[in-house]
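Some notes on the structure that comes next.
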Amino acid sequence: MNLFCRTIVRSTLVWGSLLLLPLTACKPKGESVVEAPLKTAPAWKLKDVEGQLVDSDQFKGKVVVIDFWATWCPPCVSEIPGYIALQEKYGKNGLAIVGISLDTQGPEQVKQFMAKNHLNYQVVIGDEAVTTAFGGVEAIPTTLVVDRQGNIRYRKVGAEDHAAFEQRVLPWLK
């Protein structure tokens, strides 16, 4: 693991008020932790980079990949082309990718990143309440796969090869 990713960052997020997020680090490939059926995914409401409210209810009946990430996290950024490809390939089959940004510089930084990298999936700005609701996010990327019934079926911490991750998602799309 490189020194950048080893560094633990205590971050705050400004969104109406200052919220203290838990300690966050980034984990590169090869350090994934797999946990199978965990629990029902919690409901959430977060704002996108334009300030519009996005509600988890909008994704009912879909297979949802929820990715906790940040623009400054190299392993997070390395996975984005794979998520773009998955959304493009399987969106018509009921797949929805939702990136929950834990960036500390506000939505404008995330908006610029999205434009530069041509993200084709929903991105919202996270807060401490959503990370807690999902059982805590100790490192990023942390990614979950939620089935059509709203159950968390897969959770990983750290980056994963795109082809391997695609194979983990496919069973839930059938």
> Picking from Thr71, Thr131, Thr104, which residue would you name as being among the polar types (S, T, N, Q) and at pLDDT below 95?
Replying inline: Thr104
>> I'd like the residue in segment 147-174 that is small (Gly, Ala, Ser) and not in a loop (DSSP other than H, G, I, E, B) and, out of all such residues, is surrounded by the most Cβ atoms within 10 Å (Cβ to Cβ).
In response: Ala164
> Residue check, Leu144 against (1) more than 14 Å from Val65 (Cα to Cα); (2) assigned to a strand (DSSP E or B), all met but one. Which one?
Replying inline: (1)
>> What's the total number of residues in segment 115-137 that are part of a helix (DSSP H, G or I) and closer than 20 Å to Lys156 by Cα?
In response: 6
>> For segment 115-127, check the following and say yes or no: at least one residue is of a type in the set (Val, Ile, Thr), surrounded by 20 or more Cβ atoms within 10 Å (Cβ to Cβ) and over 11 Å from the mean Cα position of the chain (by Cα).
In response: no
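The values are calculated or read from the model by the stated rules, or taken from the named source; none is laboratory data. Note that the structure is predicted; figures quoted are calculated from it, not measured. Neighbour counts run over all protein chains shown; Cβ positions are idealised from the backbone, glycine included.
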